[in-house]
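In what follows, a single structure is set out as structure tokens and then discussed.
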Amino acid sequence: MDDKKRSRFYALDKADILKQFGTSEDGLSDQQAKERLEKNGPNALAQGKKKGLVQRFFDQFKDFMIIVLLVAAFISGVVAKEWSDAALILAVVIINAIFGIFQESKAEEAIDALREMSTPDAHVKRGGKLETISSEALVKGDLVLLEAGDIVPADIRLLDSASMKIEESALTGESVPVEKESEVLADEDIPLGDRKNMAYMNSNVTYGRGTGVVVGTGMETQVGQIAGMINKAEETGTPLQDNLNSLGKTLTWLILAIAAIIFAVGIFNNHSGQPMNELIINMLLVAISLAVAAIPEGLPAIVTIILALGTTRMAKRKALVRKLPAVETLGSTDIVASDKTGTLTQNKMTVEKVYQYGQLKDASEDITSDDKVLQVMTFSNDTKIQNDGTLLGDPTETALVQFGFDHDYHVEDELKKEPRVAEVPFDSDRKLMSTIHKLPDGKFFVAVKGAPDMLLQRVTRIQASPTDVKNFTEEDQAAILKQNKNMAVKALRVLAMGYKIIDEIPGIVDTQTIEQDLIFAGLVGMIDPERPEAAKAVADAKSAGIRPIMITGDHQDTAEAIAGRLGIIKSGDDAAVITGAQLDQMSDKEFDKKVKKYSVYARVSPEHKVRIVKAWQDKGKVVAMTGDGVNDAPALKSADIGIGMGITGTEVSKGASDMVLADDNFATIIVAVEEGRKVFSNIQKSIQYLLSANLGEVLTLFMMTLLGWDILMPVQLLWINLATDTFPAIALGVEPTESGIMKRKPRGRKSSFLSGGIGTSIIYQGILEGIITLGVYGLAIMFPVHAGNAAMHADALTMAYATLALIQLFHAFNVKSTYQSIFKVHPFKNKMFNIGVATSFIMVAATIIIPGFNSLFHVTELNLLQWSIVLGAGVLMIVIVEIVKLFQRRNEK
């Protein structure tokens, strides 16, 4: 059945519904139910196909850089017989794969969570008898009974409704329970949140009772549709993954080109006069050595470690990351598309304004315990007060009782003194609720609350002051209606309070006998208020160049008012607001042209949320989507980064998210963005360090080959990479945040690790490392310490080896900032960095100083003068880069 047919059961009357589903007011027979269950299957959500452990493991090897490393490992081991090189590369690759599996093993939990949300029991009428069955045994056509406290077990068309309200915020985003009715809704296209005669699977009945026919089960329910959307949602590549893939491809082609050139030049020159077959093998080994030097085989692992360290820091700041790349993605975010209810607001109705005695007051102002507004709002109320003080009931009513608590009004004590003896329950036609209470003097107090327009029709007098009651005039009514309108425009939900004193309870207690000749006490304005920290978080986001977007199932007026209060839009800027119905009227092409115009989306469905996310992504923007409801799950999965709410969020939304806020605090997102930007900046530093070092190695090998010099051996290059790449690169990943990082514009999807001057720095710094290393080699040849040609070349090669390694460690201090002087970024502040550099220095020096290692690494011992030249070369590297940075800063100014 297509979505349009399924969604229009609200337009069918009772007889048509019963006929269409082959049922009656006695329900289905047991035999009918059995046949339908066998035909259509259980009322459960289909589970998406899961990847096994083996498949997830091999998926980790699809990355282009990883493939390059595997090829390098194969050549090193099988062709060049350098098994130690091959083993090291494979170890790095496998460790990276294990990290990936560990972090992403729970990536497909959204559907499981949806299944677990299904209510275990349902009350149905079959063959005229009421029975309780498992919700999975429900079939279309079943007659279901619902009452307060029930979870709706399937999609149901209501046939009868008695004061029923259903809380649907997890599905529609509506912040208050929806009043339900059974009448036919004639309009053809009615938004999900306005279908008053429908009850949807996994929503909660908060008030009243009703009966209805099951019109959708399992995957045909609205929740089932969402489950299907989650299954079909495409996983978007993160900017980090895109950048690493792009970088890997670029490096590979450069490496292949340079290796081919060196191989050809070596064959052509043939300085040593070797036989051609030996020469080819030797030059192949040279090319492989170059590949080992050029490929930053530790990069994927180092990036993974930096991200993992970032997740640890973020967890301490209440942001729990489920997928490693999400850490960096936050730093490049352009758009934060946020759900309103429970994310920007508290998802808790709160009294904000009270109008009485002709004055509008803030809820925080004092109110006396004998005030009639206070008495009516807490007496005409079905909230249950638990022993621990928690409140159970309709959110609107609990807000009124909480208002009493906040003003030291002892509701329970007052109700004991003036107990309820009769009532006229709320119904959606008259929109009023009345309770009757016995007073100590034997008279009775009638408390009436409800819609202002309905209550004012029954008012004859008004409470003009705490002690004065006067006749109700047209001027009074005009003033009250004006206040009602003003509060409604500000998205406040307004209730009117009235009362009267009667001598005795009439024989028939109904609206005619009780709700007439009332005294108007006042108006109460309520709202689901914004979180206290949300406005500052929105302002911080804007200053960081991030555009906040509100997406909600609430009405347009409410959404516009909250967005104005938070600073997402300017107050009253309705041009920046669009509804789901208006969005439906737009083609994708038209919406693509106008998407930048809108900052608030009201009355939207899950399909709309995904469409909004995709529209911004098509603009090249990196989109973060926050949410807490079932309805948010598809968009959370489609976004570049989905952010779930840890406290109020459903397990569905958390399962579909990349990151979960442990404190449900919107401000935590900004903290996470700062951490994400820091992570990217530090990854850039690590890449700048690694690639400039590798470029220095490539240039050194290239020039040695062209000049016919002895070249560094694969084991020496491997040890340099192992000793100098890993520890400093990881330590650079935990560098402190640079000042002003939250004043920069987002990088966006098109930026790369080589942007912002990093690429240029890598090139000139790599060339500089190579030139200095070759200079030390040449100096050692020109001024030998030991006599003999073999000893001279051995010393020169050892000094080149030591220089190439140690110059990288000195250069690590340069990389702490791209443009700032190292003396301004506190070069020794990062203890982990200091330990990493010291460890690397010891690893390199040990191969030269410790006896027995010399032959293993093909090096000789160096004397004090030779060590001084090597260390001087490292210092020279710092001095030259500092001079370049100085000129760069001057040019910027």
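The values are calculated or read from the model by the stated rules, or taken from the named source; none is laboratory data. All figures in this text were calculated on a predicted structure; none of them were measured in a lab. All Cβ positions, even for glycine, are placed from backbone atoms using ideal geometry, and neighbour counts span all protein chains on display.
Listed by position, the helices (runs of 4 or more DSSP H) enclosed by the range 508-577 that each have at least 3 residues that are out of contact with any Cys (no Cβ under 8 Å at 6 or more places or on another chain) and over 28 Å from residue 620 (Cα atoms) are 511-514, 556-566. Taking the range 753-786 as the range and being over 16 Å from residue 690 (Cβ atoms) and aliphatic (A, V, I, L, M) as the test, the residues that pass are 771, 772, 774, 776, 779, 780, 781, 782, 785. Being touching a Gly at 6+ places or on another chain (Cβ under 7 Å), surrounded by fewer than 20 Cβ atoms within 10 Å (Cβ to Cβ), without any contact (Cβ under 8 Å) to a residue 24 or more places away in the chain and not assigned by TED's automatic domain parsing to the domain that holds residue 492 is the requirement here; does residue 571 meet it? When the stated conditions are applied, residue 571 passes them. Residues satisfying the criterion are present in the range 217-235 (criterion: part of a loop (DSSP other than H, G, I, E, B), acidic (Asp, Glu) and at pLDDT below 75). Any residue that is in contact with a strand residue (DSSP E or B) (Cβ under 6 Å, 6 or more places away or on another chain) and of a type in the set (Val, Ile, Thr) - is there at least one of those in the range 441-450? Within the range 441-450 (the criterion being in contact with a strand residue (DSSP E or B) (Cβ under 6 Å, 6 or more places away or on another chain) and of a type in the set (Val, Ile, Thr)), the answer is yes, since at least one residue qualifies.
Of all the listed residues (760, 803, 773), the sole one being closer than 26 Å to residue 731 by Cα, of a type in the set (S, T, N, Q) and in contact with a Gly (Cβ under 7 Å, 6 or more places away or on another chain) is 773.
Cβ-Cβ under 8 Å, sequence separation 6+ or interchain: first residue in the range 375-391 and closer than 7 Å to residue 401 by Cβ, partner among the hydroxyl-bearing types (Ser, Thr, Tyr) and surrounded by fewer than 16 Cβ atoms within 10 Å (Cβ to Cβ). Which pairs? Close Cβ pairs (under 8 Å, with a partner that is among the hydroxyl-bearing types (Ser, Thr, Tyr) and surrounded by fewer than 16 Cβ atoms within 10 Å (Cβ to Cβ)) do not exist here. Inspect the range 176-195 for any residue being buried (at least 18 other Cβ atoms within 10 Å of the Cβ), under 25 Å from residue 432 (Cα atoms) and modelled with pLDDT under 75 and give the result as yes or no. Yes, that holds for at least one residue. Among the residues making up the range 216-226, those that are out of contact with any Pro (no Cβ under 9 Å at 6 or more places or on another chain) and surrounded by fewer than 24 Cβ atoms within 10 Å (Cβ to Cβ) are 219, 220, 224. Taking the range 15-56 as the range and being at pLDDT below 70 and in a helix (DSSP H, G or I) as the test, the residues that pass are 53, 56.
I need the full set of residues from the range 493-514 which are in contact with a Leu (Cβ under 8 Å, 6 or more places away or on another chain) and among the small types (Gly, Ala, Ser), in order please. If the condition is that a residue be in contact with a Leu (Cβ under 8 Å, 6 or more places away or on another chain) and among the small types (Gly, Ala, Ser), then 496, 498 are the ones that fit. Considering only residues in the range 196-211 that are of a type in the set (Gly, Ala, Ser) and in contact with a Lys or Arg (Cβ under 9 Å, 6 or more places away or on another chain), the one that is modelled with the lowest pLDDT turns out to be 208.
If you go through the range 596-643 and pick out every residue that is surrounded by 24 or more Cβ atoms within 10 Å (Cβ to Cβ), among the basic types (Lys, Arg) and assigned to a helix (DSSP H, G or I), you end up with 2. Specify the residue that is nearest to residue 206 (Cα to Cα); the eligible residues are those in the range 397-425 that are among the aliphatic types (A, V, I, L, M) and buried (at least 19 other Cβ atoms within 10 Å of the Cβ). Top of the filtered list is 399. Output yes when any residue across the range 436-453 is more than 46 Å from the chain's Cα centre (by Cα), among the basic types (Lys, Arg) and either part of a loop (DSSP other than H, G, I, E, B) or closer than 24 Å to residue 176 by Cα (or both), and no when none is. The answer is yes, given that some residue of the range 436-453 is more than 46 Å from the chain's Cα centre (by Cα), among the basic types (Lys, Arg) and either part of a loop (DSSP other than H, G, I, E, B) or closer than 24 Å to residue 176 by Cα (or both). Taken across the range 522-530, residues that are surrounded by 15 or more Cβ atoms within 10 Å (Cβ to Cβ) and farther than 30 Å from residue 339 by Cα do occur, with at least one present. For residue 599, the conditions (1) touching a strand residue (DSSP E or B) at 6+ places or on another chain (Cβ under 7 Å); (2) of a type in the set (Ser, Thr, Tyr); (3) farther than 23 Å from residue 347 by Cα all hold with the exception of (3). Only one of the numbered conditions (1) assigned to a helix (DSSP H, G or I); (2) modelled with pLDDT of 70 or more; (3) within 29 Å of residue 195 (Cα to Cα) is violated by residue 90, and that is (3). In this structure, residue 6 does not qualify as at pLDDT 90 or above, surrounded by 13 or more Cβ atoms within 10 Å (Cβ to Cβ) and either part of a helix (DSSP H, G or I) or not small (Gly, Ala, Ser) (or both). Residue 412 - would you say it is touching a Lys or Arg at 6+ places or on another chain (Cβ under 7 Å) and among the acidic types (Asp, Glu)? No. Applying the criterion of at least 3 residues that are outside the structural domain of residue 206 (by TED's automatic domain parsing) and hydrophobic (A, V, I, L, M, F, W, C) to the helices (runs of 4 or more DSSP H) found wholly in the range 337-426 leaves 372-379, 395-406. Is the range 651-660 home to any residue that is surrounded by fewer than 23 Cβ atoms within 10 Å (Cβ to Cβ), in contact with an Asp or Glu (Cβ under 9 Å, 6 or more places away or on another chain), closer than 30 Å to residue 740 by Cβ and in the same structural domain as residue 623 (by TED's automatic domain parsing)? The answer is no, given that none of the residues of the range 651-660 is surrounded by fewer than 23 Cβ atoms within 10 Å (Cβ to Cβ), in contact with an Asp or Glu (Cβ under 9 Å, 6 or more places away or on another chain), closer than 30 Å to residue 740 by Cβ and in the same structural domain as residue 623 (by TED's automatic domain parsing).
Considering 838, 802, 812, the condition of being closer than 26 Å to residue 680 by Cα, at pLDDT 90 or above and surrounded by 14 or more Cβ atoms within 10 Å (Cβ to Cβ) is satisfied by 812 alone.
Restricting the range 251-272 to residues that are over 17 Å from residue 706 (Cβ atoms) and surrounded by 14 or more Cβ atoms within 10 Å (Cβ to Cβ), the residue that is modelled with the lowest pLDDT is 252.
Output the residue which, of all residues in the range 752-775 that are in contact (Cβ under 8 Å) with a residue 40 or more places away in the chain and surrounded by fewer than 17 Cβ atoms within 10 Å (Cβ to Cβ), is farthest from the chain's Cα centre (by Cα). Here the answer is 775.
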